[in-house]
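Undergrad: Provided herewith is a single structure, encoded as structure tokens, for subsequent inquiry.
The values are calculated or read from the model by the stated rules, or taken from the named source; none is laboratory data. These numbers were taken from a predicted model, which means no experiment stands behind them. Reconstructed Cβ throughout: ideal geometry from the backbone, glycine too, with neighbour counts over all protein chains shown. Side chains included, ligands, DNA and RNA excluded: accessible areas come from the protein's heavy atoms. Shrake-Rupley method; radii C 1.70, N 1.55, O 1.52, S 1.80 Å.
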Number of protein chains: 2
Amino acid sequence: MASSLLTTPSQTLAPTPSAARARGSSPPAAAQVSFSSPRLPARRALRVRASVAIEKEVPENEAPTTFLREDGSGAGSGSVRERFEGMIRRVQGEICAALEEADGSGKRFVEDVWSRPGGGGGISRVLQDGNVFEKAGVNVSVVYGVMPPDAYRAAKGAAKNGAADGHKAGPVPFFAAGISSVLHPKNPFAPTLHFNYRYFETDAPKDVPGAPRSWWFGGGTDLTPSYLIEEDVKHFHSVQKQACDKFDPSFYPRFKKWCDDYFYIKHRNERRGLGGIFFDDLNDYDQDMLLNFATECAGSVIPAYLPIIERRKDTPFNEEQKAWQQVRRGRYVEFNLVYDRGTTFGLKTGGRIESILVSLPLTARWEYDHKPEEGSEEWKLLDACINPKEWL
Amino acid sequence: MASSLLTTPSQTLAPTPSAARARGSSPPAAAQVSFSSPRLPARRALRVRASVAIEKEVPENEAPTTFLREDGSGAGSGSVRERFEGMIRRVQGEICAALEEADGSGKRFVEDVWSRPGGGGGISRVLQDGNVFEKAGVNVSVVYGVMPPDAYRAAKGAAKNGAADGHKAGPVPFFAAGISSVLHPKNPFAPTLHFNYRYFETDAPKDVPGAPRSWWFGGGTDLTPSYLIEEDVKHFHSVQKQACDKFDPSFYPRFKKWCDDYFYIKHRNERRGLGGIFFDDLNDYDQDMLLNFATECAGSVIPAYLPIIERRKDTPFNEEQKAWQQVRRGRYVEFNLVYDRGTTFGLKTGGRIESILVSLPLTARWEYDHKPEEGSEEWKLLDACINPKEWL
């Protein structure tokens, strides 16, 4: 369980306050899930399930220049931490601006800013019920936390911990920063997009002499259409491949397969969508190279996605096509609530629910025993979710 | 994990075939999740996660007189197994007939019948998109299976197993029968109902001399409204209390609290609905008495629920009220996919998905950071879900 922390941090680690909207109108309110009041029944879940306790967050009226601690390890140091935070915040701004323009409704993203007394914080932005987008969430977060030794071992391998078998290692302080986003358009021919890029560092475990400091990158971008339009899927994958090929020719085939494997709804024997790229625990390359790679991937979101949205946002559709989109949305919910490690971990450890579940669609549908007719457009999409294809 | 088997068997243990509808028109089809073909990727989930393997089911054109094995342990013997199966099948028929009449659309429940070569089977009935009901599912099942020793110990306590510490007990054959139902009406003032009654028996573990045969009852009936109408909730709870009081005055208070505790959405710090009764592992009373109690409870579903439906099915409502119902449906999905032990266990062990997920509503909604205004009707319902009340 705890290793999920290492896989999808920007959801896992993005508990935010209930309100305090920079651009919204709601008054600030106390966070609903408290980590400090022993009287709240929600504590029960934490006592039983939590293996990582995250400090309670505080609403902020505006975003600070940096969420990094002023301890020389990040802010102002030109460190990877600092450069990664700068990158995800810049990308958040660029993507939200591009999405607002594509939406064309004049609606703006509503923003929640939060911080933690001990350092770290985040910015959640959500645009709901626009012209083009049913629900679009783009979150960044910076988290200082403590990882249980099991999670550290799961991530880095027991050997790297330097601990002999049976040695009881202590908790490992970590730093994580990430951007995470899910975009659900209204038109059933316009696909849903998810992306998430994250950077992790752990301190060296203090009680294990010689054990190293660790760092790694993770992330990916994947496409979830309700209808298979090959032109769109090929365009999307080709932009992912271009981003990958600038760094290593092995990246695209490896991360494409990893994506197909990760977004697997086991109980349906089908993938959530038509994939893209996914990677985790990446540290066996030059650190600057991987920072540049993550930056390239995050920068590829708009060129990979918006041309598809522009082409499909006004495609005429009927009620049956909308209903099929809603059935696929139901599968999205099933994946996120049952399998996604960031979501399930976040729910168990008391992360801010609204930030974690912003990934869920505005609306979804479950029809009993729904089976598309063989050969139909719905069946073609489902077939591609069951049997992942090579698109390029 | 495995102990969940003991808590919500009729979902857990109700994998059914893909088709073969007694009243429907779809042709029989091969089951989508195969337990026998090693080439299907779905096997991966089973290999990693499953602790109970359930034999593959076969579609049947009509329901047999009994699903019990002809081995003298059930069919024709006047046994509790036989009487329980008779009861749940009679109740399924009565409830479906009453619901069809209340729905008034002329729509009939679509029926799927299935059996397993080694004994057992089930009948799933679903009515979808009627006049009154958005989705109504009423399933019965009879299952012969093998329970891992952990599950047996979790259910009965290690001491009852008779095994000394460290003794490696073998798998325990079990019998389970149950009725399970979720009814989602369309009108936001008409509440959702769930009920489930089940009977379990285990063989005596063969490798543990002196360990006993076990049996127990479980179940409950609970109400999930979108609006708090006290008259309805009091009526519902008073019928539950009447059923309980015929057997033991301690039952209603004890099982009411158990229900509030079980249907708890931890990450929201709220209950799914306004409760009812829930009990499990009940065997410390006379077996006939508990069979009569389960029969009384199952027989109370219609008098507890239908008067509420009759009163609320035609109540005028506006778009905002429908949207709030959809938000509460979203919470229903969250509970069932994240917490319900029958659902999560069923998904992991390869039960028939459509039978397990028939409990999900036809439609649901997730609005970012939705908070009802304090004092509003929506807020009153939410408050009662956060702070369970005594209704009688």
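Undergrad: Can you give me the number of residues within segment B:98-112 that are among the small types (G, A, S) and closer than 23 Å to B:E354 by Cβ? Even if it seems obvious, please write down each step before you answer.
TA: Our first condition is that a residue be among the small types (G, A, S); within segment B:98-112, this holds for B:98, B:102, B:104-106.
Still in the list and also closer than 23 Å to B:E354 by Cβ: B:105.
Total meeting the criteria: 1.
Every residue, every condition in (1) at pLDDT 95 or above; (2) touching a Lys or Arg at 6+ places or on another chain (Cβ under 9 Å); (3) of a type in the set (S, T, Y); (4) part of a helix (DSSP H, G or I), yes or no:
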site: B:I302; (1), (2), (3), (4): yes, no, no, yes
site: B:P307; (1), (2), (3), (4): yes, no, no, yes
site: B:T315; (1), (2), (3), (4): yes, no, yes, no
site: B:Q325; (1), (2), (3), (4): yes, yes, no, yes
site: B:V333; (1), (2), (3), (4): yes, no, no, yes
site: B:N336; (1), (2), (3), (4): yes, yes, no, yes
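Undergrad: Within segment A:362-372, work out how many residues are surrounded by fewer than 22 Cβ atoms within 10 Å (Cβ to Cβ) and either away from chain B (no Cβ under 11 Å) or closer than 19 Å to A:S181 by Cβ (or both).
TA: Number of matching residues: 2.
Undergrad: Just one of the numbered conditions (1) in a helix (DSSP H, G or I); (2) more than 10 Å from chain A (Cβ to nearest Cβ); (3) open to solvent by 20 Å² or more (accessible area, probe 1.4 Å) is not true of B:L392; which one?
TA: (1)
Undergrad: A:D280: at pLDDT below 95, under 18 Å from the mean Cα position of the chain (by Cα) and not in a helix (DSSP H, G or I), yes or no?
TA: Yes, satisfied.
Undergrad: Next question. Return the residue satisfying two criteria in turn: it lies in segment A:318-329 and is within 21 Å of A:S181 (Cβ to Cβ) and of a type outside the set (S, T, N, Q), and of such residues it is farthest from the other protein chains (Cβ to nearest Cβ). So that I can check it myself, show each step before the final result.
TA: Within segment A:318-329, the first condition is being within 21 Å of A:S181 (Cβ to Cβ), and the residues that meet it are A:325, A:328-329.
If we keep only those that are of a type outside the set (S, T, N, Q) too, we end up with A:328-329.
Values: A:R328: 14, A:R329: 9 Å.
Once the filter is applied, the top-ranked residue is A:R328.
Undergrad: A:F133 - would you say it is aromatic (F, W, Y) and farther than 18 Å from A:V182 by Cβ?
TA: Here the answer is no, as A:F133 does not meet what is asked.
Each row is one residue, and each column tells you yes or no for (1) over 23 Å from B:G86 (Cα atoms); (2) within 17 Å of the chain's Cα centre (by Cα).
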| site | (1), (2) |
| --- | --- |
| B:D245 | yes, no |
| B:D261 | yes, yes |
| B:E296 | no, yes |
| B:Y305 | no, yes |
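Undergrad: Is it the case that A:E201 is at pLDDT below 95 and not in a loop (DSSP other than H, G, I, E, B)?
TA: On the way: at pLDDT below 95: yes; not in a loop (DSSP other than H, G, I, E, B): yes.
Taking the combined requirement at face value, the residue satisfies it.
Undergrad: Please identify the pairs in which a residue from segment A:237-266 that is modelled with pLDDT of 95 or more has its Cβ atom under 6 Å from the Cβ atom of a residue that is of a type in the set (G, A, S), counting only partners at least 6 apart or on another chain.
TA: A:V239/A:S300; A:V239/A:A304; A:Q240/A:G276; A:A243/A:S300; A:C259/A:G220; A:C259/A:G275; A:C259/A:G276; A:D260/A:G275
Undergrad: Scan segment A:301-351 for residues that are more than 30 Å from B:I356 (Cβ to Cβ), open to solvent by 10 Å² or more (accessible area, probe 1.4 Å) and touching a residue at least 60 places away in the same chain (Cβ under 8 Å) and jot them down.
TA: Across segment A:301-351, the qualifying residues are A:I302, A:P303, A:L306, A:P307, A:E310, A:R311, A:R312, A:K313, A:D314, A:T315, A:F317.
Undergrad: Additional query: Return a yes/no flag: does segment A:286-302 have any residue that is among the aliphatic types (A, V, I, L, M), more than 24 Å from A:G342 (Cα to Cα) and away from chain B (no Cβ under 14 Å).
TA: yes
Undergrad: Separate question: If I filter segment B:137-152 for residues that are acidic (D, E), within 23 Å of the chain's Cα centre (by Cα) and at pLDDT below 95, do I get at least one hit?
TA: yes
Undergrad: Can you pull out the residues in segment B:257-277 that are closer than 29 Å to B:R213 by Cα and open to solvent by less than 10 Å² (accessible area, probe 1.4 Å)?
TA: B:C259, B:I277
Undergrad: Right, next: Confirm whether A:G130 is under 30 Å from A:P173 (Cα atoms) and either at pLDDT below 95 or open to solvent by less than 40 Å² (accessible area, probe 1.4 Å) (or both). Show your work before the answer.
TA: Values: under 30 Å from A:P173 (Cα atoms): no; either at pLDDT below 95 or open to solvent by less than 40 Å² (accessible area, probe 1.4 Å) (or both): yes.
Against the criterion (under 30 Å from A:P173 (Cα atoms) and either at pLDDT below 95 or open to solvent by less than 40 Å² (accessible area, probe 1.4 Å) (or both)), A:G130 does not qualify.
Undergrad: Give me a count of the residues in segment B:82-113 that are of a type in the set (G, A, S) and under 17 Å from the mean Cα position of the chain (by Cα). Break it down into steps so the answer makes sense when it comes.
TA: Of all residues in segment B:82-113, those of a type in the set (G, A, S) come to B:86, B:93, B:97-98, B:102, B:104-106.
Filter again for under 17 Å from the mean Cα position of the chain (by Cα), leaving B:93.
The total comes to 1.
Undergrad: Could you list, in sequence order, all residues of segment A:90-101 that are surrounded by fewer than 20 Cβ atoms within 10 Å (Cβ to Cβ) and touching a residue at least 60 places away in the same chain (Cβ under 8 Å)?
TA: The answer is A:E94, A:A98.
Undergrad: For segment A:102-115, name all the residues that are open to solvent by 10 Å² or more (accessible area, probe 1.4 Å) and assigned to a loop (DSSP other than H, G, I, E, B).
TA: Residues satisfying the conditions are A:G104, A:S105, A:G106, A:K107, A:R108.
Undergrad: Let me spell it out: the conditions are (1) within 30 Å of A:V140 (Cβ to Cβ); (2) not in a loop (DSSP other than H, G, I, E, B); (3) not aliphatic (A, V, I, L, M), and A:P361 meets all of them except one. Which number is the exception?
TA: Unmet condition: (2).
Undergrad: Count, please, the residues in segment B:345-360 that happen to be facing another protein chain (nearest Cβ under 9 Å), modelled with pLDDT under 80 and under 13 Å from the mean Cα position of the chain (by Cα).
TA: Summing the residues that are facing another protein chain (nearest Cβ under 9 Å), modelled with pLDDT under 80 and under 13 Å from the mean Cα position of the chain (by Cα) in segment B:345-360 gives 1.
Undergrad: Working only within segment B:238-251, note down all residues that are open to solvent by 10 Å² or more (accessible area, probe 1.4 Å), under 19 Å from B:Y285 (Cα atoms) and assigned to a helix (DSSP H, G or I). Step through it out loud before you land on a result.
TA: Going through segment B:238-251, the residues open to solvent by 10 Å² or more (accessible area, probe 1.4 Å) turn out to be B:238-239, B:241-242, B:245-250.
Still in the running and under 19 Å from B:Y285 (Cα atoms): B:241-242, B:245-250.
Listed by number, the residues that qualify are B:K241, B:Q242, B:D245.
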